Structure formats: structure tokens, C-alpha cells
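S.K.: Take a look at this one; I'll ask things after.
The values are calculated or read from the model by the stated rules, or taken from the named source; none is laboratory data. As the structure is a computational prediction, the values presented were derived from the model and not from experiment. Heads up, the Cβs are rebuilt from the backbone with ideal geometry, glycines too, and the neighbour counts pull from every protein chain shown. Surface accessibility is based on the protein's heavy atoms, side chains included, excluding ligands, DNA and RNA. Shrake-Rupley method; radii C 1.70, N 1.55, O 1.52, S 1.80 Å.
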Amino acid sequence: RDSSTRRRSSARFEHALTPPHPRKTKTLTHKMNEATMSMSGRIVVGGNGSCAEDSFKISASAPICNGSGSVSLNAKPNYRPSISSKNGVSHNIDADSLVGLSNISDYDVTVNKSAELAGQDCDVSLGIQNIKSGQAGSLRISTNHDKVGDVTVTLAQAGSKVDGDTQGADRASVKVNLTDVLKVNDVTASVEYDVPSQNATVNLGYTNGDVNLGVKSVVNVNSQKATHKATVNYSGIEGVGVKAEVDQDVNGKLSVTKDKYELRVPFSKDGGVNPDDVQLRMTWSQDL
């Protein structure tokens, strides 16, 4: 019995020392090599004499499920440098404030996956924002129907982000792209209905050369109240984008973009342009 016990112990010891199978090691290394990591942010210089990093995150992404999906993690450091020259110079660029770089204020996780649902090829996106402070989730399913066209279903909690926009309330919406149905040259159209808010949104677009016109109308089915916004994009200057937005109250903004820079000029019907509200924005990113 002692000899048998020694043989089993010896076998377990030799198994523990056996190196991983070379094929398994190669696969793991290959997958890790496909992961990417970067940091990005946006610096905003205001007409009021302020300069601040209003967005900063560290992102990591890797493929999953044999390349049919991906998982991404966004970490948000609890520090954003800022400086202001209004009423004297003030800033937070000092050793005590820089310690905030080591403190992550929040996390976002997003999983994207191609899948077949009810016989339809779909793109599924599942996101969880603000994991540390509040946890707001979103689920988006997109597909292309033979007769209807592109259809997108969105389920999102208040506080989550969809297309970069933070949701102010719970959302359960269906959006149908009607461009292929209309079959009108240079015209795009879509309709969307959100059940909780009972808002119906209609988007229309028309392109003529370097000019793109867009109209967005949101109508509440219950109250019949409506809001409207018109946009004009001009791309006739090489490398430069010009965009104007205005709503039904003649409030809006004018934006001029060049590479990673944007000059943003808000305006209103009553106040015109307030120099303090003018912003110069610069987005940046760095692979790690």
C-alpha cells in the first residue's frame, strides 16, 4: 500500500512539472497578441479662459469566440488636469492631484457578438456603464430584414450610453431604416419609436454634392408635442468639415473641424453668441 501511494504521489508530481501542451500555449499567446490597448481624451479650451481635459479613458479590447465577437474595457482615471485664468490663475496640476491617476473612478464593459436570432443574422452589443458607481446596462440588436431593411432594437437603462449619448431615462425602442424602401436617390430616412417615453422620431437626410441636409423631428404620441432640429454639413473644403445645427427655437451651434481639432460656437436667438461659450476642442489617442 505504501509503494502504491508513493507511485501515485510521484505521478501527480511529474504531472505538475509537465509543461503545457505546445499547441495550447501557442493558441493562448496568439489570442493575447490580438488584444489592443490605448488611452484617449479630449482637451477643451473655453472662451472664458479655462482649459481642461473633459474626457480621459484607458481602453483594452480583445477578440472572443473565434473572432466572431469582442470584449472591451474602458477605465476612467479619477484625475483630469485643468487650468483657468478667470479671476486669477488656478489649476490642479500638482503632485497631490496627480495621485488621482492611480485611482480609477469608474469602468465600462462592452461585449459585441455576431449571432443568429430567430433565423436572422444579428449584431448584438451588450454594455454595462459605471460599474463602480451605479451600473447602467444597455442591449442593442441590429439586423437586416429582406423586406424592411435595417432594424435596430435598443433596451437601455437611464444613465447608460448609446451611440455616445447618455440616456436620461429608460429606453425600449425600435428603429427602422427606410432608405432602401424609399429608393430615392440621395435621400435617407428612418423612424424610431420608444415605448416608455412614447416618442416617435423621424430622421430625413438629403445630399447634393458637398452639402448634406438633415431634419430630425421628435413627436410625443400622447401629448402631440414636437421638437425639431435641422443640420447642414458642408465638405467642399478639403480636410475641413463645417456643420451647423439649429432647433425650432433658433438655438444651435456652428462647428468647424480639421483633423483632431474642432471649433464650436454655440448661439441662441436671444443672446446671439456668448464669447465665454466658444470652445476649441482637441481629441487625442495613444496606443499602448
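S.K.: Of the numbered conditions (1) part of a strand (DSSP E or B); (2) within 18 Å of THR283 (Cβ to Cβ), LEU73 fails exactly one; give the number of that condition.
M.R.: Status for LEU73: all satisfied but (2).
S.K.: From the list LEU254, LEU204, which residue is among the aliphatic types (A, V, I, L, M), within 19 Å of ARG281 (Cα to Cα) and free of Cβ contacts under 8 Å to residues at least 40 places away in the same chain?
M.R.: On the way: LEU204 fails: within 19 Å of ARG281 (Cα to Cα).
The match here is LEU254.
S.K.: Condition first: under 17 Å from LEU139 (Cα atoms) and small (Gly, Ala, Ser). Now tell me which residues in the stretch 169-214 satisfy that. Spell out how you get there, then give the answer.
M.R.: So the first thing to find is which residues in the stretch 169-214 are under 17 Å from LEU139 (Cα atoms), and the list is 169-176, 192-196.
The answer is ALA169, ALA172, SER173.
S.K.: Taking the conditions exactly as written (open to solvent by 80 Å² or more (accessible area, probe 1.4 Å) and not acidic (Asp, Glu)), does VAL174 satisfy them or not?
M.R.: Values: open to solvent by 80 Å² or more (accessible area, probe 1.4 Å): no; not acidic (Asp, Glu): yes.
No.
S.K.: Next up: Please verify whether the stretch 203-212 includes one or more residues that are β-branched (Val, Ile, Thr), assigned to a strand (DSSP E or B), under 27 Å from ASP150 (Cβ atoms) and within 21 Å of the chain's Cα centre (by Cα).
M.R.: Pass one, the stretch 203-212, residues β-branched (Val, Ile, Thr): 207, 211.
Adding the requirement that they be assigned to a strand (DSSP E or B) leaves 207, 211.
The next check asks that each one be under 27 Å from ASP150 (Cβ atoms); those that pass are 207, 211.
The next check asks that each one be within 21 Å of the chain's Cα centre (by Cα); those that pass are none.
No, the conditions are met nowhere in the stretch 203-212.
S.K.: I would also like to ask the following. Out of LEU263, LEU213, I need the residue that is open to solvent by 50 Å² or more (accessible area, probe 1.4 Å), under 28 Å from ILE43 (Cα atoms) and either touching a strand residue (DSSP E or B) at 6+ places or on another chain (Cβ under 7 Å) or touching a residue at least 24 places away in the same chain (Cβ under 8 Å) (or both). Which one? Steps first, please.
M.R.: Numbers: LEU213 fails: under 28 Å from ILE43 (Cα atoms).
The conditions single out LEU263.
S.K.: Just checking, does the stretch 228-243 include any residue being under 29 Å from GLY41 (Cα atoms), open to solvent by 80 Å² or more (accessible area, probe 1.4 Å) and among the hydroxyl-bearing types (Ser, Thr, Tyr)?
M.R.: yes
S.K.: Tell me the residue from SER90, SER114, SER138, SER125 that is free of Cβ contacts under 8 Å to residues at least 12 places away in the same chain, on the phi < 0 side of the Ramachandran plot and open to solvent by less than 70 Å² (accessible area, probe 1.4 Å), please.
M.R.: Numbers: SER114 fails: free of Cβ contacts under 8 Å to residues at least 12 places away in the same chain; SER138 fails: free of Cβ contacts under 8 Å to residues at least 12 places away in the same chain; SER125 fails: free of Cβ contacts under 8 Å to residues at least 12 places away in the same chain.
When all the criteria are applied, what remains is SER90.
S.K.: Could you grab me the full set of residues in the stretch 139-180 that are in a strand (DSSP E or B), of a type in the set (Ser, Thr, Tyr) and over 19 Å from the mean Cα position of the chain (by Cα)? Before you say what the answer is, go through the steps one by one.
M.R.: Quick first cut of the stretch 139-180, residues in a strand (DSSP E or B) only: 139-145, 149-156, 161-162, 165-166, 171-177.
Still in the list and also of a type in the set (Ser, Thr, Tyr): 142-143, 152, 154, 166, 173.
Residue satisfying the conditions is THR143 alone.
S.K.: Right, here's the next one. For the stretch 41-51, indicate whether the set of residues that are open to solvent by 90 Å² or more (accessible area, probe 1.4 Å), of a type in the set (S, T, N, Q) and either over 26 Å from ILE131 (Cβ atoms) or at pLDDT 80 or above (or both) is non-empty. Don't jump to the end; show me each part of the working.
M.R.: Step one: filter the stretch 41-51 for residues open to solvent by 90 Å² or more (accessible area, probe 1.4 Å), giving none.
So far as the stretch 41-51 goes, no, none of its residues is open to solvent by 90 Å² or more (accessible area, probe 1.4 Å), of a type in the set (S, T, N, Q) and either over 26 Å from ILE131 (Cβ atoms) or at pLDDT 80 or above (or both).
S.K.: May I pose another question? Which of the residues that make up the stretch 269-288 are open to solvent by less than 60 Å² (accessible area, probe 1.4 Å) and either at pLDDT 95 or above or not in a strand (DSSP E or B) (or both)?
M.R.: Narrowing the stretch 269-288 to residues open to solvent by less than 60 Å² (accessible area, probe 1.4 Å): 271-272, 278-279, 281-282.
GLY271, VAL278, GLN279, ARG281, MET282 - these are the residues of the stretch 269-288 that are open to solvent by less than 60 Å² (accessible area, probe 1.4 Å) and either at pLDDT 95 or above or not in a strand (DSSP E or B) (or both).
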